[in-house]
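Student: Before anything else, here's the structure in question.
The values are calculated or read from the model by the stated rules, or taken from the named source; none is laboratory data. Just so it is clear, the model here is predicted, and its values are computed rather than measured. Cβ placement follows ideal geometry from the backbone for every residue including glycine, while neighbour counts extend to all protein chains displayed.
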Amino acid sequence: MPPLAPTIRLPHGADMPRLGLGTWPMDDAEAERAVAQAIELGYRSVDTAYAYGNERGVGRGLHASGVAREELFVTSKLNADWHGVDKVGEAYDMSLEKLGLDYLDLFLIHWPNPWLDRYVDAYRGLVRLLEDGRVRAIGVSNFTPAHLDRILAATDVAPDVDQIELDPTRTRAAARAYHAEHGIVTESYSPLGQGSDLLRQPAIVGLAEARGRTPAQVVLRWHLQLGLVTIPKSTRPERMRENLDVFDFELTDDEMGALSALDRGEVDVADPESFGH
Ligand code: NDP
């Protein structure tokens, strides 16, 4: 079994594994199987969301693993229908009930849905959960620096995490710089390019061959060496193992640079201003 992923201390004190399992798009049955297998292989962090419709399956997988709750790190996300100071608690209880848990490690606002203009209220609701000691860390997802400016101005409480779409072709330099300035941890979703041709790009394949590693492993190493937390998804145990087995080698500065040179800017990034509208 590969060693457990190292953790990073989040601003509000929780320790989050640097690499966890993504669970979109798994249904309940797939999620149950994948989560239990992943934990057996050494994963300790799992990412789900109300919108994935698989929180019950994820919960069953967590319980089947037999690993103590305090050794696991569970993230879920709030849907737009519950963007309201008081509604957040309702959504939180609903996620807990489905997962069969009595707390989450991290609760995120899934998308800002700015046309509703309620994400600041949703964030106030998250801050309340944190202050009440009901959740260990709070955060956002798909928030741009402009969205973050608004929640910081309104609450003066920085989120622990902003989970954003990020891979070597979408390096999100401006977002990462903003996060660094405000002490927010950047979490990369779709880190392997979501099944696109990313892992077949010659620069990545060449580097992987030279290092005797797989394309996925060199890409995940790139995420880790940028200081990110990341959550690759797989339903296949051999790939889950491969994706976790990335803590015993290091890319050189030149190799990091060669991967970052694949950046195409923001062209292929889902637009948080309109997503879900
Ligand atoms: P990923 O970049 O993790 O890619 C997943 C795809 O890569 C799947 O097709 C998987 O196939 C394949 N794959 C996994 N490991 C390997 C490997 N070692 N070699 C080759 N192919 C591999 O994309 P996701 O979009 O799933 O992102 C990860 C997670 O991020 C999601 O599961 C979800 O939890 C989260 N997310 C969050 C969003 C948000 O709005 N906050 C939006 C999208 C995702 P297979 O399963 O067959 O192995």
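Student: So, residue 220, is that one within 30 Å of residue 29 (Cβ to Cβ), within 15 Å of the chain's Cα centre (by Cα) and not acidic (Asp, Glu) or not?
Tutor: Against the criterion (within 30 Å of residue 29 (Cβ to Cβ), within 15 Å of the chain's Cα centre (by Cα) and not acidic (Asp, Glu)), residue 220 qualifies.
Student: Are any residues in the range 176-210 over 17 Å from the mean Cα position of the chain (by Cα), more than 18 Å from residue 232 (Cβ to Cβ) and surrounded by 13 or more Cβ atoms within 10 Å (Cβ to Cβ), and if so, which ones?
Tutor: If the condition is that a residue be over 17 Å from the mean Cα position of the chain (by Cα), more than 18 Å from residue 232 (Cβ to Cβ) and surrounded by 13 or more Cβ atoms within 10 Å (Cβ to Cβ), then 178, 182, 203, 206 are the ones that fit.
Student: Filter the strands (runs of 3 or more DSSP E) completely within the range 1-119 down to those with at least 3 residues that are within 16 Å of the ligand (Cβ to nearest atom) and either modelled with pLDDT of 95 or more or surrounded by fewer than 18 Cβ atoms within 10 Å (Cβ to Cβ) (or both).
Tutor: 45-47, 73-78, 104-109
Student: Do you know which residues across the range 44-84 are charged (D, E, K, R), in contact (Cβ under 8 Å) with a residue 12 or more places away in the chain and within 17 Å of residue 108 (Cβ to Cβ)?
Tutor: Once the filter is applied, which keeps residues that are charged (D, E, K, R), in contact (Cβ under 8 Å) with a residue 12 or more places away in the chain and within 17 Å of residue 108 (Cβ to Cβ), the range 44-84 yields 47, 55, 77.
Student: A further question follows. Residue pairs, Cβ under 8 Å, 6 or more apart or interchain, first in the range 102-118 and free of Cβ contacts under 8 Å to residues at least 40 places away in the same chain and farther than 10 Å from residue 83 by Cβ, second in a loop (DSSP other than H, G, I, E, B) and within 12 Å of the ligand (Cβ to nearest atom). List them.
Tutor: No pair meets every condition.
Student: Considering the range 124-149 alone, what residues qualify as being away from the ligand (no atom under 14 Å from the Cβ), within 20 Å of residue 274 (Cβ to Cβ) and either crowded, with 19+ Cβ neighbours inside 10 Å or in contact (Cβ under 8 Å) with a residue 40 or more places away in the chain (or both)?
Tutor: 148
Student: Consider residue 276 carefully, then state whether it is surrounded by fewer than 21 Cβ atoms within 10 Å (Cβ to Cβ), out of contact with any Lys or Arg (no Cβ under 9 Å at 6 or more places or on another chain) and assigned to a helix (DSSP H, G or I).
Tutor: no
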